[in-house]
Amino acid sequence: MNNQSPALDAVLTQVGPRLRRLRAERGITLAALAETTGISKSTLSRLESGQRRPSLELLLPLATAYQVPLDELVGAPEVGDPRVRLAPRKGPAGGTVVPLTRVPGPLQAFKMIVPDRGPEPDPRTHEGYDWLYVLGGRLRLVLGDHDLIMGPGEAAEFDTRVPHWFSGVDGQPAEILSLFGRQGERMHVRARPRGASR
């Protein structure tokens, strides 16, 4: 008889996909992981597919192999510490991107440090809609026929199917906040300026 709570069942259900994703990110084969942990390939496969319930005996060797805390494997919530732990990563064409959105969704928020990418723009296009706000420094935004220099407190929004490129200015990086809708979602604002059309 299963006496586990629905909340615990929900947590355990996510362990398999999390293990599979972690292994894929590290580029490790099931055979290599089996050799490292001493757990058979079939058990690892069943664990990742959810056919085998995770246990401490299975998760401890996996946490050691991946060099991550055990609570990261099970997705245990952090208790008692209100700080959000952000994981910066390298952005395209240099710079730093810090994802601010913790769950998947139509709109994603990022803080970005954009280096000076040189005087020659290399505009790109892709699906989506972007809203940029300059937090610090100066940002050069090339958007279609426009070539703009933006300072702190200035914002821009645009369809990313329009050729665009942005860069820091005068050898200095710009710090920006970006809200990006991959499928073209736009940010919704509650108040409109007087006289603005719908």
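The values are calculated or read from the model by the stated rules, or taken from the named source; none is laboratory data. These numbers come from a predicted model, not from an experiment. Heads up, the Cβs are rebuilt from the backbone with ideal geometry, glycines too, and the neighbour counts pull from every protein chain shown. Note: areas computed on protein heavy atoms with side chains; ligands, DNA, RNA excluded. Shrake-Rupley method; radii C 1.70, N 1.55, O 1.52, S 1.80 Å.
Using a probe of 1.4 Å, the accessible surface attributed to Tyr133 totals some 80 Å² when neighbouring protein chains are kept in position. Placing a pseudo-label 7 Å from each Cα along the Cα-to-Cβ vector at Leu107 and Leu177 gives an inter-label distance of 1.1 nm. Near the amide H of Gly137, within less than 5 Å, lie the amide hydrogens of Glu175, all on another chain or at least 5 residues away, with H placed in the peptide plane.
With 0.36 nm allotted per residue and the present C-alpha distance subtracted, the Leu56-Val98 stretch has 11.9 nm of extension available. Remark: the Arg161-Glu120 segment gains 12.8 nm on full extension, using 0.36 nm per residue and subtracting the alpha carbon distance. FRET efficiency for the pair Glu127 and Thr36, taken as 1/(1 + (r/R0)^6) with r the Cβ-Cβ distance and R0 = 35 Å, rounds to 0.30.
Of the accessible area of the range 102-143, computed with a 1.4 Å probe over protein heavy atoms only, carbon and sulfur atoms account for 58 percent. Accessible surface calculations at 1.4 Å, restricted to protein heavy atoms, place the range 144-183 at 55 Å² per residue. Once the Cα-Cα distance is subtracted from the 0.36 nm per residue extended length, the Ala87 to Asp9 segment shows a gain of 25.3 nm.
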